[in-house]
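What follows is a single structure, written as structure tokens, with notes after it.
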Amino acid sequence: MSRGNQREIDRAKAQAKINDKKKQDGRSGNVMSRNNNDATALQAKLAAKQEKLKEEAVNAAGGGSNGGTASGPAIPRKKVQKKTESMDDLLSSGLSSTKKRVK
């Protein structure tokens, strides 16, 4: 098997790698204009999010579909306090003092 075209293959791989890097760095144009465009897009996104939150608040206050029954809105579940174990219980959990060694 001859390796006469190995140089051309390596050049093609290197060129493909360079082209992929150029595609990843696709941000072109002036930095200031990009920043302005990003800022306006972010403001529009935040405004839409605020509008959605207001709409949800109106639906919740007006008895919209929030998982409640026909008689009223859903009652949130009570939070159950987690039981905390003392340090002695945790340390001695794997130990048993009743077993004796058999010789």
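Rule-based calculations on the coordinates, nothing more; no lab input. No experiment lies behind these values; they were computed from the predicted model shown. Cβ placement follows ideal geometry from the backbone for every residue including glycine, while neighbour counts extend to all protein chains displayed.
Using R₀ = 30 Å, calculate the FRET efficiency as 1/(1 + (r/R₀)^6) where r is the Cβ-Cβ separation of Asp38 and Ala16; round to 0.05.
0.50
For Leu91 and Lys78, calculate 0.36 nm times their separation in residues minus their Cα-Cα distance, and state this gained length in nm to one decimal.
Roughly 1.5 nm would be gained on extension.
Between Glu8 and Ala48, what is the label-point separation in nm under the 7 Å Cα-to-beta-carbon projection?
Using points 7 Å along Cα→Cβ, the separation is 5.0 nm.
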